[in-house]
Amino acid sequence: MTRICLIRHGETDWNVQGKIQGKTDIPLNTEGMKQARLCATYLTSSGWDVIITSPLKRARETARLINEQLHLPLVEMSEFEEKHFGDAEGMTYEERALTFPNRHYPNQEDNQLFAERLSSGLQTIHERYPNKRVLLVSHGGVINALLGTLSNGEIGSGKTRLLNACFSHIQFDHRNWVIEKYNQVSHLEKVMSGT
């Protein structure tokens, strides 16, 4: 069966500032680079076949740093870019609440089109990498949307605050994608404890 470890990109300065990034192409900060290297150390013993990444800088840098230790084929897939949040990109939560109290952001990507893009991406992975173990480096909005869809709204979709560089595991079990684990961060304990 096909297995995917969904990895949220490492921390950026905009994450620290509470700004919504969307498709704005923000790089990792120093902490985010440390997180990516800790991901790599943890993943080296697990036998992965390929790394797929969003082409946005913060995901691509996370994937590259992980791959410095794993030496796997590295593939970019635009299907896993973060959702475009339109005019809200670059705003903090407080700024968004004041400017857009109804949470409708002008020029944002349509939720249905976003869901279709993600579904298409999962289907492509399943077809290209049957029975493989895939690392997929992406974004909080993407992973939350996938988890929300796969759990019928029980987790994800804003109910789950995914930490930077967390792991969530899904697998294709005969006919459906199934969530095994989500928001795992034990591999980051050194960073979180400040050591």
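Details
- Count - residues of the range 160-192 that are of a type in the set (Phe, Trp, Tyr) and modelled with pLDDT under 90: 0
- Any hit, the range 11-22, residues being aliphatic (A, V, I, L, M), within 30 Å of Pro130 (Cα to Cα) and either in contact with a Pro (Cβ under 6 Å, 6 or more places away or on another chain) or without any contact (Cβ under 8 Å) to a residue 40 or more places away in the chain (or both): no
- Looking only at the range 1-18, residues that are assigned to a loop (DSSP other than H, G, I, E, B) and buried (at least 21 other Cβ atoms within 10 Å of the Cβ) come to 3 in all.
Conditions (1) closer than 30 Å to Ser45 by Cα; (2) of a type in the set (A, V, I, L, M, F, W, C), marked per residue:
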| residue | (1), (2) |
| --- | --- |
| Asn67 | yes, no |
| Leu70 | yes, yes |
| Glu82 | yes, no |
| Met91 | no, yes |
| Thr99 | no, no |
| Ala115 | no, yes |
| Leu122 | yes, yes |
| Arg128 | yes, no |
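- Residue match in the range 47-55 (condition: in a helix (DSSP H, G or I), buried (at least 19 other Cβ atoms within 10 Å of the Cβ) and small (Gly, Ala, Ser)): no
- Selection status of Asp110, among the charged types (D, E, K, R) and closer than 28 Å to Leu70 by Cα: no
- Among (1) of a type in the set (D, E, K, R); (2) surrounded by 15 or more Cβ atoms within 10 Å (Cβ to Cβ); (3) more than 16 Å from the chain's Cα centre (by Cα), the one test that Arg103 misses: (2)
- Of the residues Arg58, Arg103, the single one that is of a type in the set (Lys, Arg), more than 18 Å from Ile4 (Cα to Cα) and in contact with a Leu (Cβ under 6 Å, 6 or more places away or on another chain) is Arg58.
- Meets criteria (surrounded by fewer than 21 Cβ atoms within 10 Å (Cβ to Cβ), polar (S, T, N, Q) and closer than 28 Å to Leu38 by Cβ) for Ser138: no
- In the range 149-187, the residues that are assigned to a loop (DSSP other than H, G, I, E, B), loosely packed, with under 15 Cβ neighbours inside 10 Å and under 15 Å from the mean Cα position of the chain (by Cα): Gly158, Arg161
- Hits in the range 19-44 (condition: farther than 30 Å from Tyr105 by Cα and either assigned to a loop (DSSP other than H, G, I, E, B) or among the β-branched types (Val, Ile, Thr) (or both)): Thr30, Thr41, Thr44
- Residue list for the range 109-128, filter: touching a residue at least 40 places away in the same chain (Cβ under 8 Å) and either in contact with a Gly (Cβ under 6 Å, 6 or more places away or on another chain) or surrounded by fewer than 18 Cβ atoms within 10 Å (Cβ to Cβ) (or both): Ser120, Thr124, His126
The values are calculated or read from the model by the stated rules, or taken from the named source; none is laboratory data. A quick note: this is a predicted structure, and the numbers were derived from the prediction, not measured. So basically every Cβ, Gly included, is an ideal-geometry build from the backbone, and we count neighbours across all protein chains shown.
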